[in-house]
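The values are calculated or read from the model by the stated rules, or taken from the named source; none is laboratory data. Not measured: the values here are computed from a predicted model. All Cβ positions, even for glycine, are placed from backbone atoms using ideal geometry, and neighbour counts span all protein chains on display.
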Amino acid sequence: MKEKWHKVIEQCSKLILDKRNEIQQAIVCLLARGHLLIEDVPGVGKTTLVQTIAKLLELDHQRIQFTSDLLPSDIVGNSIYDDQKKEFRFFQGPLFAHLVLADELNRANPRTQSALLQAMEEGQVTVDRQTWNLPEPFFLIATQNPRFQTGTFPLPESQLDRFLMSLTLNYASTESEIKIFQGQDPRLSLAGLKPVMTKSELIESQKQVDGVNVSPLLAQYISNLLNETRKRSDQFTPLSTRSGMALAKAAKAYAFLEGRDYALPEDVQKVSRAVLAHRLGGIDGVTYGQTRSQELIQLVAVPS
């Protein structure tokens, strides 16, 4: 299974140049059953990344463009009265897909943003007192514009904490951009992509990730990282227990990709930037949080 996942990463890297590490982090997030937040300016490959992952893993996918006038029902769905059957029927919204791109999430108002909370936390939505399960697997990738851009509503900390990981794609190198300009639009290459694995293989991989061992020493290391932010609350946003659980989940997924059934402190360090950036950055953004997460890792020694 490890070889197939590395093939997925390789195929993505051919379409989205100079982003191998970011692609790997996105796959880690998927394997850990989390959700991903991408902060960046438009036009750096966020949508192409989602479409490529969906194609390679044979997943149904939907894109929701968030705007200031978007309503929660536009995302979740609506109950509409059927005059013939004399009853209300629920019509599913675009949220009912295996992979959902919530594009420019912070352009929508807080009420609409909050429509995703139950889906992200429980894998289900409630409409008119009836609960509907979302497809399995369910993977949400949300993008947000940098806060200095106009027309944005900052995501509250409680919603940021629902994302397992976050990253920035940034611009490609000059050499890679020249190749892109000379070649075919990467989106046109999507049509020729063949699935590398099936949905059932993805679900099986997620179950194997659940079984990766976290030793007492590793759990202590994660706890020490959290406690360091609490002791230095004047320097860092204190991290919640959920943050520690996210570090453990992502470290287990990273270890799985490395072919191990146990996680190491090095795995925590590899994923810490993506797991902690949006939690430590808050309204100042993912890029700022990435710097803060690196500072935290340097402050805390691995227990011996």
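Among what's in region 260-274 and is more than 14 Å from the chain's Cα centre (by Cα) and among the basic types (Lys, Arg), pick the residue that is surrounded by the most Cβ atoms within 10 Å (Cβ to Cβ). So, considering only residues that are more than 14 Å from the chain's Cα centre (by Cα) and among the basic types (Lys, Arg), the one surrounded by the most Cβ atoms within 10 Å (Cβ to Cβ) is Lys270.
The single condition from (1) over 13 Å from Ala253 (Cβ atoms); (2) at pLDDT 95 or above; (3) surrounded by fewer than 16 Cβ atoms within 10 Å (Cβ to Cβ); (4) within 23 Å of the chain's Cα centre (by Cα) that Ile222 fails is (3). Of all the listed residues (Leu49, Leu37, Leu59), the sole one being modelled with pLDDT of 90 or more and either of a type in the set (Phe, Trp, Tyr) or buried (at least 23 other Cβ atoms within 10 Å of the Cβ) (or both) is Leu37. Assessment of region 155-166 against the conditions (closer than 29 Å to Thr112 by Cβ, in contact with a helix residue (DSSP H, G or I) (Cβ under 7 Å, 6 or more places away or on another chain), in the same structural domain as Ser79 (by TED's automatic domain parsing) and at pLDDT below 80) yields no matching residue. Out of Lys179, Lys207, one residue alone is modelled with pLDDT of 95 or more and either within 22 Å of Cys29 (Cα to Cα) or assigned to a helix (DSSP H, G or I) (or both). It is Lys207. All of Ser233, Ser272 fail the test of being modelled with pLDDT under 95 and outside the structural domain of Ile141 (by TED's automatic domain parsing), apart from Ser233.
When you scan region 168-176, do you find a residue that is more than 22 Å from the chain's Cα centre (by Cα), in a loop (DSSP other than H, G, I, E, B) and in contact (Cβ under 8 Å) with a residue 12 or more places away in the chain, even just one? The answer is yes, given that some residue of region 168-176 is more than 22 Å from the chain's Cα centre (by Cα), in a loop (DSSP other than H, G, I, E, B) and in contact (Cβ under 8 Å) with a residue 12 or more places away in the chain.
Of the listed requirements (1) surrounded by fewer than 14 Cβ atoms within 10 Å (Cβ to Cβ); (2) under 25 Å from Lys4 (Cα atoms); (3) among the small types (Gly, Ala, Ser), Ala255 misses just one: (1).
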